[in-house]
Structures are given as structure tokens and as C-alpha cells.
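Here, each number is a calculation from the coordinates, and none is a lab measurement. Bear in mind the structure is a predicted one, so any value in this text is a computation, not a measurement. Ideal geometry is used to build each Cβ from the backbone, glycine not excepted, and the neighbour counts take in all protein chains shown.
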Amino acid sequence: MKVILLISIVMSSLSYNCKAQGATEYINFYNVITPKLNSIASNKAQFYGQNFSNFYSELQNKNMGIAVFNYEAKTDPGTKYYVLTLIFTEINIWSLAMKNSFQYPMVAITFENEIPKQIDDIAKSNHLKWNDSIAQFFADMKIEKIEFIGINGYDSADRSLK
């Protein structure tokens, strides 16, 4: 999966000026965020064919902050971007999760139409960090499908998507 490549890219583009987090802190974070993601996952089809802004509003209603994002092609290899990946943890927490073989929650959203090429410049200028202007950039894009990743238990061997 492209997640490992994504992590490498994000880690190299962000500074490491974050305080080290302990495993207990990660588990606490995970146990707060995953019930919220699971509640959305069970009703994800309601967002299909809808604007991203509707899904984003649901995340905000559940007080779920997006830390960083990535975008990628629908197929591998591919040159047209359709998939937006939302990551809810800062990089220092990601590295802790990787070191402990913990799952880390993410959401992959496939859009009906190609993500405009301006995303390359936007991503570079923001170092892949999420903000309101990026949310606005995606606001009117129609969702084709949503996949929830890493929400089966922080130490679960079940890596299936929801």
C-alpha cells in the first residue's frame, strides 16, 4: 500500500520539532478518534455523490481535526489524482505508531472527477498540512467512495478497510 510511501514523504517534508509521545498517549488518542470514525464509516454511503464539504462538516461536527493530507492516483501507475487521504495524527505520533506496529487511522476519499492540478502547488506551499483553504479547495468535489483505514483496534492484526 502507498501508506508507507506517504509516511516517508510527509516525514521528510515536516520538521521533527514535536515532543515525543508515549505509547499510552497514542492509545488514548486512538481510543478517542476511532469510535468517531467508526460511526461515520457505518454510514459512509450517505456521502457518495455528495460534495466533500458535507463529509468535512461531519468530521468537524465530531471535533475531528485533520493534521495532514496526501493525494494520489486512482490506479497504480497513474498520473491523474483522484484520491485524497486525510490523516488525523501529527507526524511524531505516526512515527510512534509505526515503531510499535500500531494502526493509525486515516480516511481515503476517491472523487468522481480528477483533482485539479493546482493541488501540487497547494500541497508544496502548505507542506501537506491541512487548513481551511485546502478544505475549500476540495469543497465542491463529488465523492465516489470513502475508505476508512486503521480503525480496527490500535494493536489489531486486522488491517481491512471499512
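Taking a ≥ b ≥ c as the square roots of the eigenvalues of the Cα gyration tensor of the range 46-112, is the shape rounded (a/c under 1.5), prolate (a/b larger than b/c) or oblate?
It comes out oblate by the Cα gyration axes.
Enumerate by residue number the trypsin sites (Lys or Arg not before Pro) in the range 14-118 meeting two conditions: DSSP loop (anything except H, G, I, E, B), and at most 16 other Cβ atoms within 10 Å of the site's Cβ.
LYS19, LYS62, LYS74, LYS80, LYS117
Where does each of LEU161, LEU86 land when they are ranked from fewest to most other beta-carbon atoms within 10 angstrom?
In increasing order of surrounding Cβ atoms, one gets LEU161, LEU86.
If you add up the charges near SER39, with Lys and Arg at +1 and Asp and Glu at -1, over every other residue whose beta carbon is less than 12 angstrom from its beta carbon, what do you get?
Neighbourhood net charge equals +3.
With the Cα gyration tensor of the range 3-149 giving a ≥ b ≥ c as the square roots of its eigenvalues, does the rule (a/c under 1.5 for rounded; else a/b larger than b/c for prolate; else oblate) give rounded, prolate or oblate?
It comes out oblate by the Cα gyration axes.
Roughly how large, in nm² to one decimal, is the mean projection of the convex hull of the alpha-carbon atoms in the range 77-162?
So the mean shadow area of the Cα hull is 6.6 nm².
What is the distance, in nm, between label points placed 7 Å from the Cα along the Cα-to-Cβ direction at ASP132 and at GLU25?
2.8 nm
Once the other residues with Cβ under 12 Å from the Cβ of ASN100 are scored (Lys, Arg +1; Asp, Glu -1), what is the net sum?
Values: positive: LYS99; negative: GLU25, ASP155.
Net of charged neighbours comes to -1.
Okay, helix-only estimate at 222 nm for the chain: each DSSP H run of n ≥ 4 adds -39500 (n - 2.57), divide by all residues, round to 500 deg cm²/dmol; what do you get?
On the way: 6 runs with 64 residues, N = 162.
My calculation for the chain gives -12000 deg cm²/dmol from helical runs alone.
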